[in-house]
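Data block below; observations after.
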Amino acid sequence: MRLKKIIFVFLFILHSNYNLAFGSSDTVKFKYCKVETVREYTRNTNNVMINGENKGFFGPGDKIKVVSYLFDDEQDLKSCEDFEIQNQTYSYKQTLNSITEVSSSEYENYIMNAWASYLPTIGINFNQNYKIQIPKKENIYRFEKKEIFFKKENLIGYCMIDPFTPEEENDVYMSNSFKRRIYNVGFTSKNDFALNETFLIMTCNGKEKGFINIPVVNGTFSTNDLQPYTYISKTKFTKKKETIKVEENKKAEEKRIVEEKRKSDCNVKKFKDILNCDLSTVVDVCDEWQRVYVKSFERINFTKRPNNRFLMYSLNSCKGTFGGIFGMGTSVYASYKWDIKKHKFKDDRISNLLEKREKVNMVLIHLSDHNKDKFKELYDYLKKNYKSSGNINKTSEVIDGKKNFVLWSFDNSRVLLILTPNYLGDGWTSYLAYVHPESVSEIINSFLETDTSNSQL
């Protein structure tokens with residue numbers, strides 16, 4: 001575990017500036033840079049590792065010259081001078097002395113010598129036979145072991161972690177994780193006590209599996225060698241992220257405009273205005289903190305036949321509660337016709353009306369005062385104001401002559417007065433209803449349970 005940690009720290013220091021991702025290209029050429037910095041420690045730090053060597057202890061004010069190398073592709077790093085040094089860390093700050101472009105061979109020679117000085121300290125020697133563990137090419141999350149004669153030249157290699165294509169991974173363009181980067185391969189060792197042998201493990205940024213090896217020659221590699229994976233530079237990676245962000249912002253703005261229009265079209269100053277809204281919108285407009293709950297739906301039947309059902313959703317919890325009508329208190333419901341021939345189950349009908357944002361079929365207003373004089377005043381008002389509409393006001397009797405409700409129709413059946421026997425059977429429950437124009441025929445059919453073509457209503 002300690003060996004892995006040491007190697008991970010080494011690789012992290014060396015490659016903290018790599019940031020490559022995948023898309024499409026032909027040939028990729030790296031640009032290599034030699035970086036010289038002065039590191040000044042701001043706190044006590046033990047076991048300082050610099051390029052694979054333990055430099056020991058440093059305290060506040062101690063300075064050390066650090067030489068390191070980095071690489072990136074030419075599209076992302078057009079010039080070594082474009083590289084921005086990290087000036088501050090948890091334990092030190094650093095200043096840039098110089099940065100120069102170098103050849104791939106100088107870079108790789110530096111890496112090889114750094115490893116060559118470090119590996120013998122953990123028991124790995126050169127010019128010896130070893131078994132080396134590497135990920136399988138056909139399945140990078142499984143291992144295979146090969147016999148090699150371990151030489152210094154074996155220390156040079158490039159690898160890529162979790163090389164999924166953008167098309168295969170939804171979050172590829174939104175991630176800045178390590179798995180979008182290219183690194184030098186690393187090595188550690190493990191003892192197999194059962195076989196009494198030590199074998200090498202190839203790593204990629206500390207990982208023992210989940211990566212592929214990339215053949216790089218003179219700082220160049222062919223994307224054909226990455227098949228079936230593709231390649232995209234950091235620049236394209238960033239542009240794609242920016243494009244996605246613009247598209248997301250555009251969609252968000254379009255959604256905001258639609259939502260604002262949806263709410264602006266839903267003006268609920270009057271009872272009948274609710275008919276311009278779907279249920280979710282009228283609830284949002286009435287009270288932005290209120291939400292539609294399936295369990296809050298009530299069922300009402302005006303006849304005893306099963307197909308004549310309505311679903312009601314109380315709007316009394318909305319702020320700006322509607323006032324009374326001719327001195328009678330009100331309870332307001334957004335109501336929908338429930339045809340069990342189309343939707344056998346209640347939840348199916350509710351899901352359907354919410355999903356399609358179906359406009360409210362009928363605003364049903366329960367009038368809490370049963371004073372006959374007040375009810376007659378309402379009736380006379382409707383008769384007077386809608387008389388010119390040619391409506392017919394007639395009492396309706398259904399189900400073998402048994403009066404189970406009384407219906408008055410106004411304004412071509414877009415306004416209804418309804419009386420139903422209360423559950424105690426000693427009085428009446430009264431309702432005023434506003435019907436959506438497109439739902440008039442279906443609503444009246446629900447009350448009369450007959451074809452409205454010959455109906456007096």
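Bear in mind these aren't lab numbers, they're just calculated from the coordinates by the rules spelled out. Everything numeric in this text was worked out from a predicted model, so none of it was measured. Cβ placement follows ideal geometry from the backbone for every residue including glycine, while neighbour counts extend to all protein chains displayed.
For region 23-114, the equivalent ellipsoid derived from the alpha-carbon gyration tensor has semi-axes of 29, 15, 11 Å in decreasing order.
Aspartates and glutamates near Lys145 by alpha-carbon distance under 14 Å, same-chain residues fewer than 8 away left out - which ones? Lys145 reaches Asp192, Glu197, Glu208. Placing dummy labels 7 Å off each Cα toward the beta-carbon, the span from Lys63 to Lys190 is 4.5 nm. Residue order for Trp115, Trp408, fewest other beta carbons within 10 angstrom first, comes to Trp408, Trp115. By other beta-carbon atoms within 10 Å, ranking Met49, Met202, Met112 with the fewest at the front produces Met49, Met112, Met202.
In the structure shown, the pairs Lys255/Lys356; Lys270/Lys376; Lys251/Lys359; Lys131/Lys152; Lys261/Lys359 are assessed against 18 Å; a Cα-Cα span above that value is assigned to Lys270/Lys376; Lys251/Lys359. Placing pseudo-labels 7 Å out from each Cα toward the beta carbon at Asp339 and Asp26 gives an inter-label distance of 6.4 nm.
Residue pairs exceeding 19 angstrom between C-alpha atoms, taken from Lys29/Lys209; Lys93/Lys207; Lys137/Lys209; Lys272/Lys337; Lys31/Lys245; Lys136/Lys209: Lys29/Lys209; Lys93/Lys207; Lys31/Lys245.
If you plug the beta carbon distance of Val217 and Phe126 into 1/(1 + (r/R0)^6) with R0 = 22 Å, you get a FRET efficiency near 0.45. From most to least packed by mean Cβ count within 10 Å, the peptides 61-73, 355-367 give 355-367, 61-73. Distance between the pseudo-spin-label points of Glu36 and Lys251 (7 Å out from Cα toward the beta carbon): 5.1 nm.
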